[in-house]
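Input: a single structure, listed below in C-alpha cells.
The values are calculated or read from the model by the stated rules, or taken from the named source; none is laboratory data. Predicted model only: the values in this text are computed from it and were never measured. Reconstructed Cβ throughout: ideal geometry from the backbone, glycine too, with neighbour counts over all protein chains shown. Surface areas here come from the heavy atoms of the whole protein model, side chains and all, with no ligands, DNA or RNA. Shrake-Rupley method; radii C 1.70, N 1.55, O 1.52, S 1.80 Å.
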Amino acid sequence: MSEVAVKEKEPLFSKKNKKLITDPLNDTNPVTIQVLGICSALAVTVKMDAALVMSMAVLAVLIIGNVIVSLMRNMIPGKIRIIVQLVVVAALVIIVDQVLKAFVYDVSKQLSVFVGLIITNCIIMGRLEAFALANKPWASALDGLGNGIGYGVILVVVAFFKELFGSGTLLGYEIFGNATDMTGLYAMGYENNGMMLLPPSSLVLVAIYIWIQKSRNPSLQEGH
Amino acid sequence: MAINKESNVYTVVFATLMVVIVGGLLAFVSSSLKPIQEDNVRNEKKQLILKAIGSEETKSITREDAGEQFKKYVVERLILDYEGNIIEGTRLTNETPVDIKSAKDAFAVDLKKEYKKFVQPLTNKYAGTDLVDELTKETNIHYPLFICEVNDKKHYVIPVMGKGLWAGVWGYIGLESDARTISGAVFDHKSETPGLGAEISKDFFSDQFIEKTIVDESGKYTPIKVVKPGTGVTQPYVDGISGGTFTSVGVDEMMNRTLAVYHKFFQREEGRQLLTNI
Amino acid sequence: MDLLKLFIKAAFVENMVFTFFFGMCSYLAVSKTVKTGVGLGAAVIFVLGVTVPVNYLLETYVLKEGALVWLGAEYAEMDLSFLSFIMFIAVIASIVQLVEMLVEKFSPALYGALGIFLPLIAVNCAILGGSLFMQERQFENIGEASVYGLGSGFGWFIAIVLIAAIREKIRYSHVPAPLRGVGMAFILTGLMGLAFLGFMGFEL
C-alpha cells in the first residue's frame, strides 16, 4: 500500500524534476542546442535592460502557457493543436499587455514592444509542442522555468558583450567613459565597435558561446 | 474514452468553444480597461507636449500632473490644413476645456488616423516633389498647433507622425517664439527595436535638435536632416541612430514633411500676426 | 513595373532573414542539406504568398477602424484592431495545418525530413512578420499584398538555399569540432547578413 502511495505522490523536487530545471541551462539549452528563439535573441540583445525585460516576459509566458496547455492536454484535438496553442499564447500575452497598459502604464511601454516577439518566439511553441502536450502541469511548469532561464542566460550574456563593446555601457552606466565628451578610455583613442550594435554580431557571439559550451562537453558535438 | 477526440464533430465544437471563450475574454478585457488606458494615453500626450516646449519648468512634469498643468501652459490651440491656413472655428483658448470628441479641437486630432488615412498611402506612392504636389491636393489633412506660454515667452509645439521600421514613430517639436529655432523635441515610437531604433526616445537623440533652425539665412525652409553618424552635410543635421537606419529615415521624413506645413503657416498673414503679438 | 520593384525590394533589400533576422529557428535547423532547404523554402513561399493576401482582406474588411462599414453605417465606428495579432496568427496557423496535411499526404519523404519544423512554420516569425509589415505599409490593393508576400517568401527561400549549399560544402573543411553544425551556421549567417547590409542603400 505504502509503495503505491509513494509512486502516486512524487516529491515536488524529485531528481527527475530538478533535471527539468538544470538541463536547459546547459545540455539542452533552448538557444544553443535546441536552436529555438533565435530571432528575439538577435533583436533584443543590444542593451542589457531590454534583454532582461524580454527574458522575464518569456519566462512568465512560458511557465503559464505550459501549465495551461498541460491542463488542456487531454482535451485538445490533435488536428488543430497548433492553432489552440498559438491562441492560448497570443491571448495570454494580449491580456497581460492590456492589463499592464491600464494599471502600470510605464511598464507596459517597456513591454509592448516585445508582444509580437513573444507570441512568435519558437521556444514557447517548441516547449508547448514537445513537453506540455505530454506531461503533467507541475512538470510542465518546471520545464518552462528551466527553459526560460536557459534562454535568459544566453540573452544576458550576449547583451553584456554587445552593450559593453558596442556602446561602452552596461545597463546604461558608462563603463569606458563618455564617448561624446571623450573621457576615460575614449581619451586614449578607444572607439566603440559599431558592428556590435548590428544583429550579425549576436550570431557570432552565440557561435562563440556554442564553441565554449561544446568544447567543455564533447558529447554535444555534432558530426559532419 | 467516452468522447472521440479526433472526430470532426469534437474538433469543430472545441474550436467554436475556444473562439467564443477567447474572443469574449479579449473583448471583455479590452472594453472594460479602455477608459483607463485612454486616460493614460491622453495624459501622456499632454506630458509630451509640455516636455517638447523645452523649458526646465515643463520638462519635469509627471504624467499624473500633466492633465492639470496642460491648461496652464497651453494657452491656445488651432488646426491648420496642408496649405497652412487655419481651419475655421478651430482656434480655441485654454478657457475651452479639452474635448476629445470634437472635430474642432486640436488636441482631439488623432495624428495616427490623419497619417494613415491620407499621408501614408501618398508617401508610399510618391517621393520628393511629386509627394508635395500630391499632398497639396489632399485638403483634408489636419495639422494641430499648440501655442504655449512659459514665463511670458511664447512657444509653438508641433506634433509629427511617421513610420519607423515596425510601426509608427511620432514626436513633438517645440519652436521658440520666432518660429524658426527649435527649443525642444521629444520622440516616441510604438515598437522599434530595443537598443537600436528605440533609442530615438532617449534624450541624447532628441536634444540634438535643440537650437537647430528650420530656415536658412535667406528665410527659405531648410529641413533638418537625420544622417548616419559621421557624414557631414551642409544643411543643419543631427546624427541618426547607428543600427537604426529605418527609424532614423522615418524621423527625417516626418519632420521634413510636417514642419514645411507649419513654415507655410508662419509665412502667412495669420501666422505673422501671431508672431508679432507677443 | 511597380509590382516588380516591390518584389525585388521584398526579396533582397528587405530580406526577411538577413535584414530582419526573421525565421531563424527553422532556417538554422533545416538547412543541413539543399534538398530539405528547398522543401521548407517552397513551403514558406507558399504560406507567405497565401497568408499575406488573406490577412490583407481580413485587415481591410474586418479589423481596421471603419472596416466594417460594409455591414452598415452604424458599424463605421467599430475598431477591432486589438484583435489583429490573434486573428493573423489564427489564419497563419490554419493555413500551416493545411500545408502540413497536404505534404503528409503527397510527399511523406519530405514530411519525414521536415519533422517538427513544419508545425513550427506557424511560429516562424517571418510569416507573422510578413503580415505585420503588410498591415503597416497599407498596400493599395490585394495584388500588391500578394506580390509582397511572394517576394518576402522568395527572399527567405534564397537565404535557406544559400546557407544549405554552403553547409553542404563546408562538410569537407576542417571546422573545429565544437563549432561543427549549428555553430558554424551561426557564423556563416552573420557574415552573409553583413554582406546583405550592402543592399540597404538601394533606392527602387
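Within the stretch B:16-35, can one find any residue that is in contact (Cβ under 8 Å) with a residue 12 or more places away in the chain and open to solvent by 80 Å² or more (accessible area, probe 1.4 Å)? Before you say what the answer is, go through the steps one by one.
Applying the first criterion (in contact (Cβ under 8 Å) with a residue 12 or more places away in the chain) to the stretch B:16-35 yields none.
No: the stretch B:16-35 contains no residue that is in contact (Cβ under 8 Å) with a residue 12 or more places away in the chain and open to solvent by 80 Å² or more (accessible area, probe 1.4 Å).
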If we keep just the residues of the stretch A:58-73 that are among the aliphatic types (A, V, I, L, M) and within 12 Å of chain B (Cβ to nearest Cβ), which is surrounded by the fewest Cβ atoms within 10 Å (Cβ to Cβ)? A:MET72
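Is it the case, given these coordinates, that B:VAL251 is within 14 Å of chain A (Cβ to nearest Cβ), in contact (Cβ under 8 Å) with a residue 12 or more places away in the chain and either buried (at least 24 other Cβ atoms within 10 Å of the Cβ) or aromatic (Phe, Trp, Tyr) (or both)? Quick ask: steps written out before the conclusion?
On the way: within 14 Å of chain A (Cβ to nearest Cβ): no; in contact (Cβ under 8 Å) with a residue 12 or more places away in the chain: yes; either buried (at least 24 other Cβ atoms within 10 Å of the Cβ) or aromatic (Phe, Trp, Tyr) (or both): yes.
No; evaluated as a whole, the condition is false for this residue.
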If I filter the stretch C:162-204 down to residues being open to solvent by 20 Å² or more (accessible area, probe 1.4 Å), part of a helix (DSSP H, G or I) and of a type in the set (Gly, Ala, Ser), which single residue comes out as nearest to the other protein chains (Cβ to nearest Cβ)? C:ALA177
Out of all the residues in the stretch B:165-178, which are open to solvent by less than 10 Å² (accessible area, probe 1.4 Å) and either part of a loop (DSSP other than H, G, I, E, B) or closer than 13 Å to B:TYR262 by Cα (or both)? B:ALA167, B:ILE173, B:GLY174, B:LEU175
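Would you confirm whether or not the stretch A:153-170 contains a residue that is among the acidic types (Asp, Glu), crowded, with 18+ Cβ neighbours inside 10 Å and under 13 Å from A:ALA51 (Cβ atoms)? First the steps, then the outcome.
Taking the stretch A:153-170 as the starting set, the residues that turn out to be among the acidic types (Asp, Glu) are A:163.
Among the residues that remain, those that are also crowded, with 18+ Cβ neighbours inside 10 Å are: A:163.
Then keep just the ones that are under 13 Å from A:ALA51 (Cβ atoms); that gives A:163.
Within the stretch A:153-170, one or more residues are among the acidic types (Asp, Glu), crowded, with 18+ Cβ neighbours inside 10 Å and under 13 Å from A:ALA51 (Cβ atoms).
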What number of residues within the stretch B:71-124 satisfy the criterion of being modelled with pLDDT of 85 or more and among the aromatic types (Phe, Trp, Tyr)? 2
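Identify, please: which residue in the stretch A:171-191 is in contact with a helix residue (DSSP H, G or I) (Cβ under 6 Å, 6 or more places away or on another chain) and free of Cβ contacts under 8 Å to residues at least 60 places away in the same chain and is, among those, surrounded by the most Cβ atoms within 10 Å (Cβ to Cβ)? First the steps, then the outcome.
Here is the first cut: in the stretch A:171-191, the ones in contact with a helix residue (DSSP H, G or I) (Cβ under 6 Å, 6 or more places away or on another chain) are A:171, A:176-177, A:179.
Pick out the ones that are also free of Cβ contacts under 8 Å to residues at least 60 places away in the same chain and you get A:176-177, A:179.
Details: A:PHE176: 19, A:GLY177: 15, A:ALA179: 17.
So the residue we want is A:PHE176.
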Just name the residue that is most open to solvent (accessible area, probe 1.4 Å) out of those in the stretch B:1-11 that are facing chain A (nearest Cβ under 9 Å) and in a helix (DSSP H, G or I). B:ASN8
Among C:LEU68, C:LEU80, C:LEU58, C:LEU63, which is the only one that is open to solvent by 10 Å² or more (accessible area, probe 1.4 Å), free of Cβ contacts under 8 Å to residues at least 60 places away in the same chain and within 14 Å of chain A (Cβ to nearest Cβ)? C:LEU80
Does the stretch A:101-112 contain any residue that is within 8 Å of chain B (Cβ to nearest Cβ), of a type in the set (Gly, Ala, Ser) and within 28 Å of C:PHE21 (Cα to Cα)? yes
How many residues does the stretch B:119-164 hold that are touching a residue at least 12 places away in the same chain (Cβ under 8 Å), in a loop (DSSP other than H, G, I, E, B) and within 14 Å of chain C (Cβ to nearest Cβ)? 1
What pairs come up if the first residue lies in the stretch C:4-15 and is farther than 18 Å from C:LEU194 by Cα, the second is open to solvent by 10 Å² or more (accessible area, probe 1.4 Å), and their beta carbons are under 8 Å apart, counting only those six or more places apart or on different chains? C:LYS5/C:LEU204; C:LEU6/C:GLU144; C:LEU6/C:VAL147; C:PHE7/C:VAL147; C:PHE7/C:LEU150; C:PHE7/C:PHE154; C:ILE8/C:LEU204
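Here's the yes/no breakdown for (1) buried (at least 20 other Cβ atoms within 10 Å of the Cβ); (2) within 14 Å of chain A (Cβ to nearest Cβ); (3) in contact with a helix residue (DSSP H, G or I) (Cβ under 7 Å, 6 or more places away or on another chain):
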residue: B:GLN208; (1), (2), (3): no, yes, no
residue: B:THR222; (1), (2), (3): no, no, no
residue: B:ASP239; (1), (2), (3): no, yes, yes
residue: B:HIS263; (1), (2), (3): yes, no, no
residue: B:LEU275; (1), (2), (3): no, no, yes
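Out of all the residues in the stretch B:86-107, which are crowded, with 16+ Cβ neighbours inside 10 Å and of a type outside the set (D, E, K, R)?
Restricting attention to the stretch B:86-107, the residues satisfying the condition of being crowded, with 16+ Cβ neighbours inside 10 Å are B:86-87, B:90-92, B:94, B:98, B:104-107.
Correct list: B:ILE86, B:ILE87, B:THR90, B:LEU92, B:ASN94, B:VAL98, B:ALA106, B:PHE107.
For the stretch B:181-201, give me each residue that is modelled with pLDDT of 85 or more and either surrounded by fewer than 21 Cβ atoms within 10 Å (Cβ to Cβ) or under 12 Å from the mean Cα position of the chain (by Cα) (or both).
Correct list: B:THR181, B:ALA185, B:VAL186, B:PHE187, B:ASP188, B:HIS189, B:SER201.
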Which ones in the stretch B:12-23 are over 16 Å from A:ALA91 (Cα atoms) and facing chain A (nearest Cβ under 7 Å)? B:PHE14
Flag for C:LEU132 being modelled with pLDDT under 90, within 14 Å of chain A (Cβ to nearest Cβ), open to solvent by 40 Å² or more (accessible area, probe 1.4 Å) and closer than 23 Å to A:ILE83 by Cα: yes
Does A:ALA207 satisfy the criteria of being part of a helix (DSSP H, G or I), within 20 Å of A:ILE154 (Cβ to Cβ) and either more than 8 Å from every other protein chain (Cβ to nearest Cβ) or open to solvent by less than 30 Å² (accessible area, probe 1.4 Å) (or both)? yes
Do we have any residue at all in the stretch B:102-110 that's farther than 28 Å from C:LEU80 by Cα and among the charged types (D, E, K, R)? no
Checked C:ILE142, C:ILE92, C:ILE121 against criteria (within 11 Å of chain A (Cβ to nearest Cβ), in contact with a Leu (Cβ under 9 Å, 6 or more places away or on another chain) and touching a residue at least 60 places away in the same chain (Cβ under 8 Å)); the one match is C:ILE121
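With respect to C:ASN141, is the statement that it is over 22 Å from B:PHE246 (Cα atoms) and surrounded by fewer than 20 Cβ atoms within 10 Å (Cβ to Cβ) true? Step through it out loud before you land on a result.
Details: over 22 Å from B:PHE246 (Cα atoms): yes; surrounded by fewer than 20 Cβ atoms within 10 Å (Cβ to Cβ): yes.
It is true that C:ASN141 is over 22 Å from B:PHE246 (Cα atoms) and surrounded by fewer than 20 Cβ atoms within 10 Å (Cβ to Cβ).
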